[in-house]
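Structure, as structure tokens:
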Amino acid sequence: MSLLFVWLTRQDLSVLFLTLMVIFAMVLGGGGSPAPLIEMALQIAMAVLVVLWFWVVPRATLTAGAPLAWVLAGLVLVIPIVQLLPLPPSLWHALPGRGDEQAALDLVGLGNSWRPLSMAPYRTLASLLAMVPAALLIPLTALQTVRARVTMLIAVAVVATLSLVVGAGQLLGGMWTTLRPYTPDSWWLDGFQANHNAQADVLLIAMMGAAAVLAELTGRGFIPRLYHLLGLLAANILAFVFGVVLTSSRAGILLLPLALILQGVLLRPWLAPSRRVVIISLSMVIGGAVLVANSEVLRGVVQRFYVADPMRPMIWRGTWYALVLHWPWGTGMGTFQRIYEATEALESISEWSINRAHNDYLEFALEAGLLGMVVLLMLVIVLVWAISRPARPEHERSRVLSFYAKGGLAILALHSLVDYPLRSMSLACLAGVLVGMLFPAQAELVPDEQMKVGV
């Protein structure tokens, strides 16, 4: 083992450990709280990789690069930490919506005990542990070079492609196949995710990431000819577009045009209008239309858009009622399901268990309260300030990856209006990587710093 990494530099090991973090998050992070053992294994693996990363990275790098990225990581974690601090009885008794809790604790003689702001502290602790890897990926990614970031995006594209292969097996095997560890009764393309909507976001982000890699490699001369670029781009689009469609995620499908437009913007300097580009584009559109017209599976996906969804508006109304009941202090991160069930209107009760609000902004406001809104505003201000600064000449190469990161975050932000993508550790960690890529890439290490390290 001591000779395993003997020929790798500190920078190589840093990229290796960070890339492994992204791979593990994408493969193991899609189950959520219904898969606690897998999520715990992922958190342990991430903790080991973080320790190894800090071990190989020079201390000067940690203090000199991207201090704002560390601020953002702290802001992400401050909400659940504050919500877990114990409060004296005189304070938590006065919080809105705590009367039933106090009455229940009085029955067992604990009504005057110290209690945290969170109404389900163990769930808030679980949320905090799940948020730590995503938060750490912000500064860890910000401290990487362009080459390292491209390596990470290649890993994202490869894992997403592997999830397509797994998804194809899921569709062929139908329900209850062993390839569906999280939702065996699903009939969609779920890949490594428990939620087909989350899988659609993974594919959209990976599709744009692959375009960003193509743009970077083309700009550096690794893809010298237009038809080479067009072939790689066509393969990327065909694989991921049909993957998104087969997830049957309506929001994911509606976000496809935005992802394709962003791809075009990323590759615009190398896709000058020509007869070849127009012919290939029209052929892809016509071919896609023919496939939709002649595929029972794809026609079923199209028909989903004609079916109204009465559940989401009902859930939003119930969430809003719970939010007003507990405003402005919130109920604690990860507490939505318990709070919603306790305040749900009788006429909306059914055999279905509502685990999420299907609007992450509404759910976040319920769980985090006014403190969360303030912290979210601070996050936005810090991000806007960080990305609005004029780039120095040595940072010009990171512009493509920064634009990709903005596009990926836009996909997540828009989908959060009708779903909960960031409640998946996979997507939360990808979001951490995207935020980290908004910061200027670091310079390559000078030869003296590229010391060989044994493990």
For the stretch 86-94, just list the computed ³J(HN,Hα) in residue order, Karplus coefficients 6.51, -1.76 and 1.60, θ = phi - 60°, integers in Hz, with x standing in for Gly and Pro. x, 10, x, x, 4, 8, 6, 4, 7
Residue-span extension gain [GLU101 to LEU379] - 0.36 nm each, minus C-alpha spacing: 96.8 nm
Per its Cα gyration tensor (rounded if a/c is under 1.5, else prolate when a/b beats b/c, else oblate), the stretch 83-171 is best filed as oblate
Starting from the Cα of TRP114, step 7 Å toward the Cβ, then list every residue of the stretch 71-98 with an amide N under 13 Å from that point. 84-92
Figure the gain on full extension for LEU417 and VAL324 (residue separation times 0.36 nm, minus the Cα-Cα span) and round it to one decimal in nm. 31.6 nm
Taking the highest mean first, how do the peptides 195-202, 212-219 order by number of other beta carbon atoms within 10 angstrom per residue? 195-202, 212-219
By the mean-Cβ-within-10 Å protection proxy, highest first, 375-384, 16-25, 50-59 rank as 16-25, 50-59, 375-384
Among 37-48, 156-167, the order from most to least packed when residues are scored by Cβ within 10 Å on average: 156-167, 37-48
Under the Karplus curve 6.51 cos²θ - 1.76 cosθ + 1.60, θ = phi - 60°, whole-Hz ³J(HN,Hα) for the stretch 409-415, x wherever Gly or Pro sits: 5, 5, 4, 5, 5, 5, 5
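Read-outs throughout are calculated quantities, based only on the coordinates presented, and are distinct from any laboratory measurement. In this text the structure is predicted, and so the values were computed from the model without any measurement. So basically every Cβ, Gly included, is an ideal-geometry build from the backbone, and we count neighbours across all protein chains shown.
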